Structure formats: structure tokens, C-alpha cells
1. Report, by residue number, each residue of segment 199-242 that is more than 26 Å from R36 (Cβ to Cβ), surrounded by fewer than 24 Cβ atoms within 10 Å (Cβ to Cβ) and within 11 Å of ligand 1 (Cβ to nearest atom).
2. When you scan segment 248-266, do you find a residue that is within 19 Å of A83 (Cα to Cα), modelled with pLDDT of 95 or more and not polar (S, T, N, Q), even just one?
3. Write out, first by first residue and then by second, each pair whose Cβ atoms fall under 7 Å of each other, whose residues are 6+ apart or on separate chains, and whose first residue, in segment 229-248, is touching a residue at least 60 places away in the same chain (Cβ under 8 Å) while the second is more than 16 Å from ligand 1 (Cβ to nearest atom) and charged (D, E, K, R).
4. Restricting to segment 311-363, and then to whatever is part of a loop (DSSP other than H, G, I, E, B) and either of a type in the set (S, T, N, Q) or on the phi > 0 side of the Ramachandran plot (or both), can you tell me which residue is surrounded by the most Cβ atoms within 10 Å (Cβ to Cβ)?
5. For R47, only one of the following conditions fails: (1) modelled with pLDDT under 95; (2) surrounded by 14 or more Cβ atoms within 10 Å (Cβ to Cβ); (3) of a type in the set (K, R); (4) within 22 Å of L147 (Cβ to Cβ). What is its number?
6. Pull out all pairs, ordered by first then second residue, where Cβ-Cβ is under 6 Å, the residues are six or more apart or on different chains, the first lies in segment 12-27 and is touching a residue at least 24 places away in the same chain (Cβ under 8 Å), and the second is among the β-branched types (V, I, T) and in a strand (DSSP E or B).
7. Those residues that are surrounded by 23 or more Cβ atoms within 10 Å (Cβ to Cβ), among the basic types (K, R) and in contact with a Pro (Cβ under 9 Å, 6 or more places away or on another chain), I need them from segment 102-148; list them, please.
8. Where residues in segment 1-28 are surrounded by 16 or more Cβ atoms within 10 Å (Cβ to Cβ), under 20 Å from A40 (Cα atoms) and β-branched (V, I, T), which of them is nearest to ligand 1 (Cβ to nearest atom)?
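The values are calculated or read from the model by the stated rules, or taken from the named source; none is laboratory data. Bear in mind the structure is a predicted one, so any value in this text is a computation, not a measurement. Cβ sites come from the backbone with ideal geometry, for glycine too, and all protein chains shown count toward neighbours.
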Amino acid sequence: MEIKPWLADFSQTKQPFIIAGPCSAESPEQLLTIAREVQALGINTMRAGVWKPRTRPNSFEGNGTIAFEWIDEVKKSTAIRFATEVATADHVEQALKAGIDILWIGARTTVNPFTVQEIADALRGVQIPVLVKNPINPELALWIGALERIYKAGIEKVGAIHRGFSSYQKSRYRNQPYWQIPLSLKSQFPDLPLIADPSHIAGTRSLIQEVSQKAMDLGYDGLMIETHPDPDHALSDAQQQITPASLGQLLSVLRISKPSSSNALFVNKLEGLREKIDNLDQELIDTLATRMKLVEQIGEYKKENNVTVFQLERWQEIIQTRPEWAGKQQLAIDFITELFKTIHDESIRIQTEIVNKETPTKS
Ligand code: PEP
Ligand code: MN
């Protein structure tokens, strides 16, 4: 994909690009109320789900095509543009016929290459921005694959929405952000617009500000935030929607930093600090190399004495003492625990290789 920057021209508003609006289009009044209020905040793009992919049947599955008539009414009296989710070729056709301005592909659709291809084929010959949400599983290649299918169909204005990833483990988020995945995407495709969806990452109102700020600190191009006039009574995703007034408050305190600064003093100081980090990283690598040499010696020794590579007591001691030492240096316990799990895994791998190596026999 060779993506040319397109979002700044398209968005018609100052950066970041904000898409606000309800999880689902529920009624003409709901849409018009939000439209007027978000427009007053200087936002010109709304989201509204027309068809809702629900985890289980018998929950509200969207109002379907009648919602396009409501959207049309809003467009007549405001300057708002609309984005909606499409999950089949038929959805694409209906949304295009209804004059929808932006399409997005949902997380449950991105996982399925057949469906994404069907959507891509339905988009051939059309020029409309298409935003692809990350797949529900943390797999970067699947996300890139979906973007490529859309791009190959001739859509030049493609973008990515980061909505977090499902996880079996309980966490404070509804969907784990795994920030390194969207950041890898951004480093492979620097001009691909990257929009965060703090609502679906957070799953709860109280975390939306924090997630939005993190996205801004990481240099995201925009935010998609679920906004509803009466969030508690929303027909879908009630816990994570916020009022337009709360959205205004959130945006007013959002710190937006620039990707870089040409200020000579800043550049100088940054370079100096980075040089120190480079030196320390070199030392870290030298230390790790020395550690692994010792690990090899232990491996040989265990082999000679025919004892197992994995020694439970030793591992328990490591995983207890290292975080204790780290705590004294004000380092995050979780970070050090993870780091030593990785180091221990590598030590085990090295020793297993040694133990299983054929000892050369004289013939
Ligand atoms: C949505 O945007 O309301 C939605 C269903 O999101 P996702 O595809 O991220 O679950
Ligand atoms: Mn939703």
C-alpha cells in the first residue's frame, strides 16, 4: 500500500479528527440532538450504527435502512457528515445509495477475509473513505490484510481504527489496547490515518478521557467517541457512551502535542538524552550477553549431572527477589516481572538446546 496523506484535507477541521455520535442510530430526535450539540463543539463528522453486530441474538441489532432517512433529515439541517459500519456487500450498496460519507468495517468483520473481500468488491469504482477497525484478536497481519483488500479495490482514502482486542483475561478495559500493535501498523504505514476508539477500548465512561489522552500522546490522528444524549438509556453500549457536554469537557482538557519540534534547544537536549540512552542500551545488551554465557555454563553443568533444566525453587526465588530489588529503584513491579519472565524463558531455551545436543562420540 502506498497511502498518500488524505485526512487533513478531508477532515475540514483542526486536528485531531473527531468522529462523535451514538453507538446506534435510535431515532430521528436522537440523531438531530447529537448533531446540533456536536456541531456546536466544532465537530463535523458523526458516527451512527445502522446495523449492529451483537455478540448474542435478541439484543438490539440496529434499526436498519430506516435510519438512513433520519440521517438524511439531519444532513438537510446541519453540515454534519456521517460514518456508518458495513458488514456485507449489501450494506455497502445501501449505505452508498443513502449518501453516507464514510464507511467503517467492524472488528468482527475484519477477522474474516472472505467478508472483507466481498466488501472490497462492492466498493470497486467508488471513492469514499473506508476505516478498518482492528480485528478482535491481536493479529496485526489480519488488520493489514483487510486494509490491503480495501486499498486494492481502488479505495485510496483508507484509515485504521484502533478499538482494542478481546482477551480471556479480565482487565480494567473492555478490550485490551495492546498499544504496540497499532504503533507497529503506524511504523509500517506512516501516512495511514490512525484513529483511536476509546469508547470500545474502555467500555466504561470513566476511562475514556485517559485512553483518549494516551492516543494523543502517541500521535494518533483522530478519535472516534460514542456520544449519546441520554447514555444510560442507550439501546447499545450504554456504559461507554458519553453526552455531548462530557465530550466537550473531554476535548477542552485534551493535551495535543506536535509530532516534533524544530526548536534548536529542544532538539539539542533530546539528542543528548538519546545518546545517553544508546550507551545504556549497549551496556544492557553486554550485561545480558554475560548473563547468558553463565546460563550456558549452568546448562553444561546440569547436563553432566543429569538434572532438569527447570528448577522450580530457583525460579520462585528469581520471580520474588527481582521485583523486590526493582521496587527499591522505583521501577514498576509488573514491568520487571514481565522482563524476568522473558529472560528466564530465554535461559530455559538455551539450556534445553545444550542438554539436547548430541555429545560427539568417537567412532
Ligand atoms: C461499534 O463501533 O459500535 C462497534 C460495534 O464496534 P466494534 O466493531 O469495534 O466492536
Ligand atoms: Mn458501540
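1. G203, the sole residue that qualifies.
2. Here is the first cut: in segment 248-266, the ones within 19 Å of A83 (Cα to Cα) are none.
No, segment 248-266 contains no residue that is within 19 Å of A83 (Cα to Cα), modelled with pLDDT of 95 or more and not polar (S, T, N, Q).
3. Between residues of segment 229-248 that are touching a residue at least 60 places away in the same chain (Cβ under 8 Å) and residues that are more than 16 Å from ligand 1 (Cβ to nearest atom) and charged (D, E, K, R), the close pairs are P244/E37.
4. Start the filter on segment 311-363 by keeping residues that are part of a loop (DSSP other than H, G, I, E, B), which leaves 311, 329-332, 357-363.
In the following step, the residues that additionally are either of a type in the set (S, T, N, Q) or on the phi > 0 side of the Ramachandran plot (or both) were identified as 311, 329-330, 359, 361, 363.
Working: Q311: 14, Q329: 7, Q330: 6, T359: 5, T361: 5, S363: 3.
Only one residue fits best here, namely Q311.
5. Only one criterion is unmet by R47, namely (1).
6. Pairs that qualify, where the first residue is touching a residue at least 24 places away in the same chain (Cβ under 8 Å) and the partner is among the β-branched types (V, I, T) and in a strand (DSSP E or B), are I19/T45; A20/I225; A20/T227; G21/T227.
7. Selection gives nothing.
8. For segment 1-28, the residue satisfying everything is I19.
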